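Shown next, in structure tokens, is the structure this report addresses.
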Amino acid sequence: MRGFITDRSAPRGLRLADNLPEPEPAPDELVIGVRAAGVNRGELALLGQRDQDWRPGQDVAGTVHRAAADGSGPPEGAPVIAIVDGAGWSQRVAVPTQRAAALPPDVSFTDAAALPIAGLTALRGLRRGGSVLARRVLVTAASGAVGQFATQLARAAGAEVIALVSRPESALEARDAGAHDAVTSLDGASRFHLVLDGAGGPVLKAALAHLAPTGLAVTYGGMAGAADFGLGNFLGHTLVGLVHSDPENERGADLAVLAGLVADGRLRPRIGRTENWEKLREVLDDLAGGRFRGKAVLTLAQS
Ligand SMILES: NC(=O)c1ccc[n+]([C@@H]2O[C@H](COP(=O)([O-])OP(=O)(O)OC[C@H]3O[C@@H](n4cnc5c(N)ncnc54)[C@H](OP(=O)(O)O)[C@@H]3O)[C@@H](O)[C@H]2O)c1
């Protein structure tokens with residue numbers, strides 16, 4: 001079986017190996033024949049941190065190659081989406097059925113593979129804010145993989161969505177994703193019920209200053225660097241850190257929610273780069289260099 005493994009002697013520390021062992025699923029795991037896989041910014045960092053021969057890749061979509069032995073999850077041949085801890089950039093990967101969801105017929109593998117980490121982060125961040133109907137929601141890093149989902153989901157939930165972008169050219173993309181307004185500065189901005197923040201640092205600090213008295217800021221990323229603020233910056237407000245995997249045992253259910261929203265047209269993954277998986281290293285270079293915005297997805301031929 002083919003799949004990527006870390007190799008310190010290879011360019012970007014990665015090699016596409018030809019002789020990997022087939023997955024050995026536990027009773028509650030199905031095996032996916034991977035047709036598309038997502039690439040996330042966090043994986044850039046992971047690649048540098050993991051040992052030799054580590055198997056990267058977390059967001060996958062494909063068909064069930066082997067159903068779970070315990071009878072849970074979709075049957076053989078069903079199209080699915082899933083999130084794994086690693087080995088997703090492979091032809092086949094074992095996944096606990098709790099982390100997988102059946103894919104509606106109209107959702108492509110490419111769109112599905114864009115969803116797991118970025119979509120879960122946006123969905124779960126938005127939920128922390130409770131009802132956002134007719135309330136102001138600020139989305140930072142709005143043209144990013146997570147930000148574009150957060151913008152669309154907040155809009156679909158009835159919020160008045162303001163996108164805070166780091167460069168003027170991102171404003172158009174944020175509006176296209178459904179933001180009512182897109183700004184490069186919060187100077188003079190009215191207060192927000194909820195902040196969904198992928199920037200951190202000075203961006204988060206400025207956003208906190210514009211929270212409504214009972215407002216909530218959910219921060220999940222650090223594109224703008226380290227934060228330099230203290231109690232006085234969020235006195236009276238709530239600031240929470242979010243990781244996409246929490247709650248762990250509801251990931252499959254939430255992937256089903258995201259795939260359903262794509263199927264009925266309420267969510268449109270913005271994919272900035274789609275490539276055959278053999279071009280993974282170029283995709284990683286372009287992601288690191290900020291040469292596209294939105295999600296990156298790798299495609300694999302059926303094997
Ligand atoms: N906690 C979690 O579970 C979790 C999950 C996914 C991602 N993350 C983290 O969240 C962050 C965003 O991830 P992503 O996948 O959306 O990344 P991405 O697709 O690369 O998007 C990054 C976006 O950040 C904005 N940005 C870039 N440089 C900036 C700067 N100096 N100051 C402010 N904004 C800047 C840009 O949007 P604009 O031009 O619109 O500002 C850019 O499109 C990363 O730090 C990532 O590691 C965390």
Considering 219, 184, which residue is farther than 22 Å from residue 132 by Cα, within 16 Å of the ligand (Cβ to nearest atom), β-branched (Val, Ile, Thr) and at pLDDT 95 or above?
184
Within segment 190-207, work out how many residues are in contact with a helix residue (DSSP H, G or I) (Cβ under 9 Å, 6 or more places away or on another chain) and surrounded by fewer than 22 Cβ atoms within 10 Å (Cβ to Cβ).
1
Residue among 78, 87 that is under 19 Å from residue 258 (Cα atoms) and open to solvent by less than 30 Å² (accessible area, probe 1.4 Å)
78
Scope segment 264-302; condition within 16 Å of the ligand (Cβ to nearest atom), closer than 22 Å to residue 33 by Cα and open to solvent by 60 Å² or more (accessible area, probe 1.4 Å); matching residues
274
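Quick check on this structure: which one of 101, 94, 45, 68 is in contact with a helix residue (DSSP H, G or I) (Cβ under 8 Å, 6 or more places away or on another chain) and not in a loop (DSSP other than H, G, I, E, B)?
101
For the subset of segment 48-65 comprising residues that are outside any loop (DSSP other than H, G, I, E, B) and open to solvent by 90 Å² or more (accessible area, probe 1.4 Å), which member is farthest from the ligand (Cβ to nearest atom)? Don't jump to the end; show me each part of the working.
Narrowing segment 48-65 to residues outside any loop (DSSP other than H, G, I, E, B): 48-49, 59-65.
Next, from what is left, pick out any that are open to solvent by 90 Å² or more (accessible area, probe 1.4 Å): 49, 65.
Values: 49: 13, 65: 27 Å.
So, considering only residues that are outside any loop (DSSP other than H, G, I, E, B) and open to solvent by 90 Å² or more (accessible area, probe 1.4 Å), the one farthest from the ligand (Cβ to nearest atom) is 65.
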Out of (1) touching a residue at least 60 places away in the same chain (Cβ under 8 Å); (2) closer than 29 Å to residue 58 by Cα, what's the single condition that is false for residue 132?
(2)
Select from segment 18-43 the residues that are surrounded by 15 or more Cβ atoms within 10 Å (Cβ to Cβ) and aliphatic (A, V, I, L, M) and write down the one among them that is farthest from the chain's Cα centre (by Cα).
20
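Yes or no: residue 99 crowded, with 20+ Cβ neighbours inside 10 Å, among the basic types (Lys, Arg), under 18 Å from residue 302 (Cβ atoms) and outside the structural domain of residue 177 (by TED's automatic domain parsing)?
Numbers: crowded, with 20+ Cβ neighbours inside 10 Å: yes; among the basic types (Lys, Arg): yes; under 18 Å from residue 302 (Cβ atoms): no; outside the structural domain of residue 177 (by TED's automatic domain parsing): yes.
No; evaluated as a whole, the condition is false for this residue.
Please go through segment 248-266 and pick out each residue that is among the charged types (D, E, K, R) and out of contact with any strand residue (DSSP E or B) (no Cβ under 9 Å at 6 or more places or on another chain). If you could, list the steps in order and put the result at the bottom.
Start the filter on segment 248-266 by keeping residues that are among the charged types (D, E, K, R), which leaves 248, 250-251, 254, 264, 266.
If the condition is that a residue be among the charged types (D, E, K, R) and out of contact with any strand residue (DSSP E or B) (no Cβ under 9 Å at 6 or more places or on another chain), then 248, 250, 264, 266 are the ones that fit.
Table: residues versus (1) touching a residue at least 40 places away in the same chain (Cβ under 8 Å); (2) over 16 Å from the mean Cα position of the chain (by Cα).
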position: 159; (1), (2): no, yes
position: 180; (1), (2): no, yes
position: 196; (1), (2): yes, no
position: 217; (1), (2): no, yes
position: 224; (1), (2): yes, yes
position: 230; (1), (2): no, yes
position: 237; (1), (2): no, yes
position: 248; (1), (2): no, no
position: 252; (1), (2): yes, no
Taking the residues in segment 139-152 that are near the ligand (Cβ under 9 Å from one of its atoms) and of a type in the set (Val, Ile, Thr) as candidates, determine which candidate is surrounded by the most Cβ atoms within 10 Å (Cβ to Cβ).
139
Suppose we filter 92, 155, 136, 167 for residues that are within 15 Å of the ligand (Cβ to nearest atom) and not small (Gly, Ala, Ser); which single one remains?
167
For segment 1-11, does any single residue satisfy the condition of being assigned by TED's automatic domain parsing to the domain that holds residue 74 and part of a helix (DSSP H, G or I)?
yes
When the residues of segment 19-47 are filtered to those that are more than 15 Å from the ligand (Cβ to nearest atom) and of a type in the set (D, E, K, R), which remaining residue is farthest from residue 68 (Cα to Cα)?
35
Taking segment 225-237 only, how many residues are open to solvent by 70 Å² or more (accessible area, probe 1.4 Å) and either among the hydroxyl-bearing types (Ser, Thr, Tyr) or touching a helix residue (DSSP H, G or I) at 6+ places or on another chain (Cβ under 8 Å) (or both)?
2
Against the condition in contact (Cβ under 8 Å) with a residue 24 or more places away in the chain and among the acidic types (Asp, Glu), how does residue 169 come out, does it pass?
no
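The values are calculated or read from the model by the stated rules, or taken from the named source; none is laboratory data. Please read these numbers as outputs of a predicted model, since none were measured by experiment. With ideal geometry, Cβ positions are generated from the backbone for all residues, glycine too; neighbour counts draw on all protein chains shown. When the accessible area is computed, the model is the full protein with side chains, heavy atoms only, and any ligands, DNA or RNA have been set aside. Shrake-Rupley method; radii C 1.70, N 1.55, O 1.52, S 1.80 Å.
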